[in-house]
Every structure is written in C-alpha cells, then in structure tokens.
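The values are calculated or read from the model by the stated rules, or taken from the named source; none is laboratory data. Note that this is a predicted model, so its numbers are computed, not measured. Glycine gets a Cβ as well: all are built from the backbone with ideal geometry, and neighbour counts include every protein chain shown.
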C-alpha cells in the first residue's frame, strides 16, 4: 500500500505523462486510504496540469500530450467531482464552453478546456455546432460564471453576436461573463460583439478568465 | 476474376487568361499555394483593413518560386467588406502571375465577387454537403464555369467513418451534376484531413476515404496538407511523409505552403515513383535548375 505522499506524487507524475488508467487507480487508492478529494485535486492534479500547460506554452509539449494529460485528469475528476460537491469545496469557477453553430472545429476549444480544468475550473463542454438556444439552456441549468464561445471560421464568428442577442433576450446577459476565442478572433472583434473577454491562446484564456472573475466578484460583494 | 468496376478517372481543368493547369489521376500532383491568406497574421490584416494589398505581391512571389501550380486566395478579415477585398486581390494577382487561382471564402458574396473579377476558370474553395451551402455555391460554380472543392461533411459533424464521407461525396456529386448540370470532373473532393495529433487513428480513415472516392467516383481530390501535422513537432517531415502516402491513395492536389522545399521535393519524388513524371523529366529538370542556381 502506498503512502498519501506517494499517491500525490503518483497522481502528479502519471497525469503529466497522460497515464489515465494509473491516475484512476491512484485516485481510488487515495480514497481508500482516506485521503481528502480536495488534496488530490489541489496538491496533485491541478499542479500537474499547470505544468503540462506551461510545457505546452514553451513548446516542450505537443497537442497529443496535452490531450492525454487532460484525459487522465478528467478520469480522476469523474470520481472526485461528486465527492468535492458533497464536501462543499468551491471550484475556482464554472465555465460553459462550446463551438458555435455552423462550426465543427474543436481542438483549440478542447485545449482551452484542459487548461481551464487544470486551473481548477469546472468546465461544462457543450461540444461543437452549439446553437444559441443550447447555450441558453446550459446557462440556465448550470449557472456558470463564464460562458465561452469558440469559432474557427470568419463565417461562423458572427454567431458570437447571435449568441449575445440570445443572452439579452433570455435576460441572462448580466448574470454571466462572456468570453470569445478562436483562430480568426481578435480583441477588436470581441469588443465589437460586446463580449467581456478575449484571449489568444489557452493559457491566456485561463489568466483572463481568472481576472474577469475577480473583477466581477469585487463588484458584487458576496 | 474481376473486382468492382473502377470509375473513369476525371480531369479538372483550371485556366488563367494564358495558362492551363490540369488536375488528374496519373498526372503530376497539383500544388495549390496557400499563403495568400490573412488568417492569424495581424499585420497583414491591418494592412488589408486599411486597403493596403501590397503584401500580396510578396506572398504570390514566394508561392510561385516555391513551385505552386495554382494560388489559393483568401481575404477573410473580420469586420471588413470581404467581397470587395477579394475582388481587388483577384484583380491584383492576375497582374502578378499567370497561375490559375483558387478563390477561397466561406462568404458567398465574396465568392461571387471573386469569380466575377476572374478572367479564366477558377477553383472555388469551398462547398459542403449541407443543402443550404450547395444551393448557394453551386449556382455560382455553374454560372462562372468554375470548378469547386467540396467537403463531405454536413451540418451535424465531421463524419469520422469513411462510409459516411463516401455517402456525402455521392450526395454532392449527385446534386451538382443532376440539379445544376456541373460536370463531375469539376468537383474536387476534400476527404477531410484531420490533425494526427488529435487522434492518431484518423489518417488511415482519410486514406481509406481517398481510395474509395477515387475508385467509386474517379473525381479529383485535394486537402489542407498542413492540417495533418498541426500541434506536432517536425511538421515538415510529417507533411513530406503524408503527401506521398496520400498520393498513392488517390489524392491529386493539396492546398499547402509552397515555401516548404522538404514537402515540395517529397511530392515531386512521389510523382516520379508513382509514374506521374514520365522518364523523370521533371525530376531531372528540377535538379538542373538547382545546379544552375548554385553556380
């Protein structure tokens, strides 16, 4: 039987190399040992994903390595998330994410999701071809702090505006922070559609998301 | 014993005012130079937004020198009049080179403006199997006597199985030929090359799609070659390995950056090895040209 320290080290190391079966095994082992779910999350999984993100940003890690590390963490989170919810541990924030209607590109979005999860966000991924009404339904269901619209094509970027209009119409505009991104998207375009935030890449998204949350929380005292 | 009947290989003819390029199975691979495109290039975007198209000249020159046979022209700058930009870019490119063009936009009005401005037989990039897109783009292809790149995906998804891509390919060819009177030879299928880094099993699906599209329909095919290596190290090596394999599976052209000699050379070598370069005359000529340059 491993010690809690060994479990944490193992979770960190095996997430880093994307060994999903081993990460899942260690998660169960840790719980059997009576370890706190939030310790496994904050002391091992999140730091590991942060390191993955840092390596990706430096060009030391490549897309498949990001994806398998993200998958390894997601496997552990399936086990831990219900337990974390029970113990009332607060996530950094909740993020509803989707590629807009008409657009099927998802690699960039998936990388952003991994980085967000790695930073402690709970990410609800709606997938690709997400129609405005589907975003609205997800926002009503999950009450996220932030909603993210992703578009890879200059022709699908106008869906940002359509989504914004749908938010307005549903009376949800002020209850959620809106972030937009994707290869052709610029700060200028984000401003033009009235989004709250834009970021050029996955790690910038995490920084921007955290900053926007802080601004919002400073404005609205809990 | 006889296998299934193979469809007759088709030839796609593109023309500028003074030059003809034929894409076909058994012919030398057609390189569609892709860099005349502002996506992801901030400075170029700013220039285009302020109406300055001068950077196009440099990009055209680089693609022509790299060995492009056709030039892809994309003017997708957000918050601009893309139709106006594309029309001006097409006029400009016609003055810079006699290579035929591939008019690249997902904005139907921009495609029409580009086609109207072009003196020749262009390739349109692109249409999908969605009914609405087919109804918007195919009439333009017919009206301006162009050829068109078609992607076998519909509104729901990019199909991950070759079977579904074949069904959608059949649908596109059916609609184009029967409803719009477009020759099947003028449909160039993009079998959807997906990044190997996102799923290492996807390239074999694409290769299977290519073989079956060639055998069942005989049409030409193209793909965004650089997609395959996205997110991976040593991208040019991957491109140089991918295209020869894809050529063997039936790919007859690719939209790629002609400024990558490693990939261009691999394609030329594959042309020779697949008997698309009779007696290796093009291969030898390229060698002589390099020798002459070195002197």
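Search the stretch A:186-199 for residues being in a loop (DSSP other than H, G, I, E, B) and more than 10 Å from chain B (Cβ to nearest Cβ), and hand back the single one that is surrounded by the most Cβ atoms within 10 Å (Cβ to Cβ).
A:195
Given the structure, is residue B:147 touching a residue at least 40 places away in the same chain (Cβ under 8 Å) and under 21 Å from residue B:224 (Cα atoms)?
Yes; evaluated as a whole, the condition is true for this residue.
Go through the stretch A:145-155 residue by residue and tally those that are within 22 Å of the chain's Cα centre (by Cα) and more than 9 Å from residue A:181 (Cα to Cα).
4
Which ones in the stretch B:180-224 are within 14 Å of chain A (Cβ to nearest Cβ) and either part of a helix (DSSP H, G or I) or without any contact (Cβ under 8 Å) to a residue 12 or more places away in the chain (or both)?
Keep residues of the stretch B:180-224 that are within 14 Å of chain A (Cβ to nearest Cβ), which gives B:190, B:192-203, B:224.
Scanning the stretch B:180-224 gives B:199, B:200, B:201, B:202, B:203.
Considering only the stretch B:239-255, I want to know if a residue exists there that is surrounded by fewer than 19 Cβ atoms within 10 Å (Cβ to Cβ) and in a loop (DSSP other than H, G, I, E, B).
No, the stretch B:239-255 contains no residue that is surrounded by fewer than 19 Cβ atoms within 10 Å (Cβ to Cβ) and in a loop (DSSP other than H, G, I, E, B).
Take the conditions within 14 Å of chain A (Cβ to nearest Cβ) and under 17 Å from the mean Cα position of the chain (by Cα) and apply them to residue B:105. Does it pass?
On the way: within 14 Å of chain A (Cβ to nearest Cβ): yes; under 17 Å from the mean Cα position of the chain (by Cα): yes.
Taking the combined requirement at face value, the residue satisfies it.
Restricting to the stretch A:170-185, and then to whatever is surrounded by 17 or more Cβ atoms within 10 Å (Cβ to Cβ) and under 29 Å from residue B:80 (Cβ atoms), can you tell me which residue is farthest from the chain's Cα centre (by Cα)?
Within the stretch A:170-185, the match that is farthest from the chain's Cα centre (by Cα) is A:184.
Tell me, which residue of the stretch A:46-68 that is within 13 Å of another protein chain (Cβ to nearest Cβ) and under 18 Å from residue A:125 (Cβ atoms) is surrounded by the most Cβ atoms within 10 Å (Cβ to Cβ)?
Restricting to residues being within 13 Å of another protein chain (Cβ to nearest Cβ) and under 18 Å from residue A:125 (Cβ atoms), the top hit is A:66.
Scan the stretch A:200-216 residue by residue and report those that are within 14 Å of chain B (Cβ to nearest Cβ) and not in a loop (DSSP other than H, G, I, E, B).
Residue satisfying the conditions is A:202 alone.
Regarding residue B:259, is this residue within 14 Å of chain A (Cβ to nearest Cβ) and either under 19 Å from residue B:63 (Cα atoms) or at pLDDT below 95 (or both)?
Spelling it out, it is not the case that residue B:259 is within 14 Å of chain A (Cβ to nearest Cβ) and either under 19 Å from residue B:63 (Cα atoms) or at pLDDT below 95 (or both).
For the stretch A:127-156, what are the residues that are surrounded by fewer than 19 Cβ atoms within 10 Å (Cβ to Cβ) and touching a helix residue (DSSP H, G or I) at 6+ places or on another chain (Cβ under 6 Å)?
A:136
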